[in-house]
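Peer 1: The structure is given below, and queries will be raised subsequently.
Any read-out appearing in this document is the output of simple, stated calculations on the displayed coordinates, not a laboratory observation. Keep in mind it's a predicted model, so treat the numbers as computed, not measured. Note that each Cβ is placed from the backbone with ideal geometry, even for glycine, and that neighbours are counted across all protein chains shown.
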Amino acid sequence: MWFIIGLIIGALILGLVWSMKRNNFQLTWYEWLIGIIGLALILFTIQNFFGSLDELESKAASIFLLVVGLPGLILLAVSWQLAVRRIKKA
């Protein structure tokens, strides 16, 4: 499972870099940082969600989705919105 997730993330990052070069725009350091932290939280959430389900702790898995997964999604959305608004402004 992690091999496939790694391939998907690698393809997404490669697509982002190609898109940045093609459209001639750059991300600032804090947009990268917020995006990487959000992605790390999402990966951490996926790992712990399936780990908790394997141990038959469905309530812990659900709470982990809410406590760690939701902030990860929010950070990814913030990073995306910062980039989009800065590009539209320019």
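Peer 1: On the basis of being surrounded by 10 or more Cβ atoms within 10 Å (Cβ to Cβ), out of contact with any strand residue (DSSP E or B) (no Cβ under 9 Å at 6 or more places or on another chain), without any contact (Cβ under 8 Å) to a residue 24 or more places away in the chain and among the small types (Gly, Ala, Ser), does Gly51 make the cut?
Peer 2: When the stated conditions are applied, Gly51 passes them.
Peer 1: Ok, one more. When Gly69 is evaluated against the numbered criteria (1) more than 19 Å from Trp32 (Cβ to Cβ); (2) assigned to a helix (DSSP H, G or I); (3) over 15 Å from the mean Cα position of the chain (by Cα), which criterion, by number, is the only one it fails?
Peer 2: In the conditions (1) more than 19 Å from Trp32 (Cβ to Cβ); (2) assigned to a helix (DSSP H, G or I); (3) over 15 Å from the mean Cα position of the chain (by Cα), Gly69 misses (3) alone.
Peer 1: One residue is enough: does region 31-46 have a residue meeting the conditions surrounded by 13 or more Cβ atoms within 10 Å (Cβ to Cβ) and outside any helix (DSSP H, G or I)?
Peer 2: No, the conditions are met nowhere in region 31-46.
Peer 1: Only residues that are among the charged types (D, E, K, R) and part of a helix (DSSP H, G or I): list them for region 47-66, please. Spell out the reasoning first.
Peer 2: Narrowing region 47-66 to residues among the charged types (D, E, K, R): 54-55, 57, 59.
Scanning region 47-66 gives Asp54, Lys59.
Peer 1: Going through region 15-30 one residue at a time, which ones are exposed (fewer than 13 other Cβ atoms within 10 Å of the Cβ) and either of a type in the set (Asp, Glu) or in contact with a Ser or Thr (Cβ under 9 Å, 6 or more places away or on another chain) (or both)?
Peer 2: Passing the criteria: Phe25, Tyr30.
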